[in-house]
Amino acid sequence: MSPRQPAEWAEHTAMWTAWPSDATLWLDDLVSAQGEVAAMVFAIADGGEHVHLLVDGADALESATEAMDEHRNVTIHTAKFGDIWLRDTGPLFLDDGSAAAFRFNGWGGKYILEGDDAVAAFVAAQAGRALKTHDWVLEGGAIDVDGTGRALTTRQCLLNPNRNPGMGEAEIERRLAEDLGLTEIVWLGDGLLNDHTDGHVDNLARFIAEGVVAVPEADSADDPNRFAFDAAAQAVQDAGLKLVRVPSVGHLPDDEGKAIPASYMNFLITNMRVIVPIYGQSKDAEAVKAIGALFPGREAVGLRADHILTGGGSFHCITQQVPTL
């Protein structure tokens, strides 16, 4: 059996993330995004899990060092990277003590940033894990696993010709089996509207236990993702998995009225907590309570992620866990 990525609820030895560092990318949201990342880091570290924080540049190092204030459970590393989305640029840590890295092409060529293609090797080396590289495009946020060989993904992303042109379902399933030990692929359809990742599954549907999947449920006709949610829920049930519905953020527009791909599903599971992104919406408290109920023994923490979201994701997108061996 090939090595596998353990489920996220399995014990971690550490969590990796990155500090918003490039003012030309974050513009007016830089300082606020840094504050939101700091709040997430403290929620992880204060729960007893060590956090490794990547920082790029002198100004960013200064702001990160000040924000972390020598927290005993935080280690700062300086390295070149494009942006903070370590779920996609970092390695996937496997249950045999190794790590896997895949080709990263900026989410189908949309955002090619200097340094992103070196993040996986740097993180794996710092974590002391041997890295095996695979020459096809796969982002960590495009799959979600329950540790048994099952994985969720979306056709919108993994079958998108901007990733691996010419590779169909059968070939991708073969490679997932060979490279990550994934033997049962549950194919969902489209992800969230206007998601620049082309429908990453970690905004749409998540395993919350072996064979159990959470999917949002829209409660209004103006929710731009109601059809995607219901289609995903049906696919989960058709695959013989148990389905749990949780609240949807609903319609969250930008200044021009365009739907922002905000999702409570981008939660992060740590050893002691489940950290849920919230956005100042009416369903925030209900969502934190509902998701917390899915993880008995862990404290549910809702943290604002509005400014991180301007960069395209949330807490799950910017982290990568290192499983305990």
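The values are calculated or read from the model by the stated rules, or taken from the named source; none is laboratory data. Predicted model, so just to flag it, every value in this text is computed and none were measured. Note that we place each Cβ from the backbone using ideal geometry, even for glycine, and neighbour counts take in every protein chain shown. Quick note on the areas: whole protein, heavy atoms, side chains included, nothing else; ligands and nucleic acids left out. Shrake-Rupley method; radii C 1.70, N 1.55, O 1.52, S 1.80 Å.
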Just one listed residue, out of D96, D135, D116, is of a type in the set (D, E) and either open to solvent by less than 60 Å² (accessible area, probe 1.4 Å) or in contact with a Leu (Cβ under 6 Å, 6 or more places away or on another chain) (or both), and it is D116
Only one of (1) out of contact with any His (no Cβ under 9 Å at 6 or more places or on another chain); (2) modelled with pLDDT of 95 or more; (3) part of a loop (DSSP other than H, G, I, E, B) does not apply to G48, and that is (2)
How many residues of the stretch 268-301 are farther than 22 Å from S220 by Cβ and of a type outside the set (G, A, S)? The answer is 14
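Taking the stretch 141-183 only, how many residues are outside any loop (DSSP other than H, G, I, E, B) and in contact (Cβ under 8 Å) with a residue 12 or more places away in the chain?
Count: 22.
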Selection over the stretch 308-325 where residues are in contact with a Phe, Trp or Tyr (Cβ under 8 Å, 6 or more places away or on another chain) and open to solvent by 40 Å² or more (accessible area, probe 1.4 Å) yields a count of 1
Scanning the stretch 31-84 for residues that are touching a residue at least 60 places away in the same chain (Cβ under 8 Å), closer than 14 Å to W16 by Cβ and out of contact with any helix residue (DSSP H, G or I) (no Cβ under 8 Å at 6 or more places or on another chain), the one surrounded by the fewest Cβ atoms within 10 Å (Cβ to Cβ) turns out to be E49
Those residues of the stretch 161-184 which are open to solvent by less than 30 Å² (accessible area, probe 1.4 Å) and of a type in the set (S, T, N, Q) amount to N164
If we keep only residues of the stretch 185-196 that are within 14 Å of N225 (Cβ to Cβ) and touching a helix residue (DSSP H, G or I) at 6+ places or on another chain (Cβ under 7 Å), then the residue most open to solvent (accessible area, probe 1.4 Å) is D190
Looking for something open to solvent by 40 Å² or more (accessible area, probe 1.4 Å), of a type in the set (V, I, T) and closer than 18 Å to P6 by Cβ - is there at least one such residue anywhere in the stretch 123-132?
no
Considering residues that are farther than 27 Å from D144 by Cα and either touching a strand residue (DSSP E or B) at 6+ places or on another chain (Cβ under 8 Å) or among the small types (G, A, S) (or both), the number found within the stretch 1-38 is 4
Is at least one residue of the stretch 242-257 open to solvent by 20 Å² or more (accessible area, probe 1.4 Å) and in contact (Cβ under 8 Å) with a residue 60 or more places away in the chain? no
Given (1) over 21 Å from L92 (Cα atoms); (2) out of contact with any His (no Cβ under 8 Å at 6 or more places or on another chain); (3) open to solvent by 10 Å² or more (accessible area, probe 1.4 Å); (4) of a type outside the set (V, I, T), D222 misses just (2)
